1. Which ones in the stretch 117-128 are in contact with a helix residue (DSSP H, G or I) (Cβ under 9 Å, 6 or more places away or on another chain) and surrounded by fewer than 16 Cβ atoms within 10 Å (Cβ to Cβ)?
2. Give the residues of the stretch 49-58 that are in contact with a helix residue (DSSP H, G or I) (Cβ under 8 Å, 6 or more places away or on another chain) and loosely packed, with under 14 Cβ neighbours inside 10 Å, sorted by residue number.
3. Residue 61 versus (1) touching a strand residue (DSSP E or B) at 6+ places or on another chain (Cβ under 8 Å); (2) modelled with pLDDT of 95 or more; (3) loosely packed, with under 12 Cβ neighbours inside 10 Å: which is the lone unmet condition?
4. Looking at residue 114, is it under 16 Å from residue 27 (Cα atoms), modelled with pLDDT of 95 or more and exposed (fewer than 13 other Cβ atoms within 10 Å of the Cβ)?
5. Does the stretch 23-42 hold any residues that are in contact (Cβ under 8 Å) with a residue 24 or more places away in the chain and surrounded by fewer than 21 Cβ atoms within 10 Å (Cβ to Cβ), and which are they?
6. Between 72, 104, 100, 63, which is out of contact with any helix residue (DSSP H, G or I) (no Cβ under 7 Å at 6 or more places or on another chain) and within 20 Å of residue 121 (Cα to Cα)?
7. Condition (residue is part of a loop (DSSP other than H, G, I, E, B), surrounded by 12 or more Cβ atoms within 10 Å (Cβ to Cβ) and touching a helix residue (DSSP H, G or I) at 6+ places or on another chain (Cβ under 7 Å)) applied to the stretch 159-169: is it met by at least one residue?
8. Any residue at all in the stretch 11-20 that's touching a strand residue (DSSP E or B) at 6+ places or on another chain (Cβ under 8 Å), touching a residue at least 40 places away in the same chain (Cβ under 8 Å) and either assigned by TED's automatic domain parsing to the domain that holds residue 103 or surrounded by 12 or more Cβ atoms within 10 Å (Cβ to Cβ) (or both)?
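The values are calculated or read from the model by the stated rules, or taken from the named source; none is laboratory data. Note that the coordinates shown come from a computational prediction; the quantities given were computed from them, not determined experimentally. We place every Cβ from the backbone using ideal geometry, glycine too, and count neighbours over all the protein chains shown.
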């Protein structure tokens, strides 16, 4: 709840908060042949409809202490024309979702934004988002250094276990050491 309250209190935190929400919504929109740019701009405009930029989501606890989340934003989505009717991947993705109306698609998109926001808030309130990003970054660095298959995770975990600053040179050195063993 505290991480959500930061987004409510600070428009700069709300911007990052909403960016994550829109990452999820825009991904579904793009996959389903929607105009993600219009959806994105409409959402950010809506976030400032009370003359101050704020969160697109609301989080609270009910009488029993359960976490309750909601999301509200305008979305111009459709299933009648545009890319959704001519692009095979968009058609396949809409079919995969099992949606039969624009309203259902909008609800799926909103739910994806709300779910992403819950995950981000959880990460902020526990280990932090940076830890997850850094774990992925070390793996990417290992691949760039030439690690293959199991080497990727081994190099990454060995570097994390050692602690300290992780540089590309350190990744290359660790990979070479692993291969010498």
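1. 119, 122, 125
2. 52
3. (2)
4. Working: under 16 Å from residue 27 (Cα atoms): yes; modelled with pLDDT of 95 or more: yes; exposed (fewer than 13 other Cβ atoms within 10 Å of the Cβ): no.
Spelling it out, it is not the case that residue 114 is under 16 Å from residue 27 (Cα atoms), modelled with pLDDT of 95 or more and exposed (fewer than 13 other Cβ atoms within 10 Å of the Cβ).
5. At the first step, the residues of the stretch 23-42 found to be in contact (Cβ under 8 Å) with a residue 24 or more places away in the chain are 23-25, 27-29, 31-35, 38-39, 42.
Selection gives 23, 24, 27, 31, 35, 38, 42.
6. Working: 104 fails: within 20 Å of residue 121 (Cα to Cα); 100 fails: within 20 Å of residue 121 (Cα to Cα); 63 fails: within 20 Å of residue 121 (Cα to Cα).
72 is the lone residue from the list that is out of contact with any helix residue (DSSP H, G or I) (no Cβ under 7 Å at 6 or more places or on another chain) and within 20 Å of residue 121 (Cα to Cα).
7. Within the stretch 159-169 (the criterion being part of a loop (DSSP other than H, G, I, E, B), surrounded by 12 or more Cβ atoms within 10 Å (Cβ to Cβ) and touching a helix residue (DSSP H, G or I) at 6+ places or on another chain (Cβ under 7 Å)), the answer is yes, since at least one residue qualifies.
8. Filtering the stretch 11-20 down to residues touching a strand residue (DSSP E or B) at 6+ places or on another chain (Cβ under 8 Å) leaves 17.
From the residues that got through so far, the ones that are touching a residue at least 40 places away in the same chain (Cβ under 8 Å) too are 17.
Add one more test, that the residue is either assigned by TED's automatic domain parsing to the domain that holds residue 103 or surrounded by 12 or more Cβ atoms within 10 Å (Cβ to Cβ) (or both), and what stays is 17.
Yes, the stretch 11-20 contains at least one residue that is touching a strand residue (DSSP E or B) at 6+ places or on another chain (Cβ under 8 Å), touching a residue at least 40 places away in the same chain (Cβ under 8 Å) and either assigned by TED's automatic domain parsing to the domain that holds residue 103 or surrounded by 12 or more Cβ atoms within 10 Å (Cβ to Cβ) (or both).
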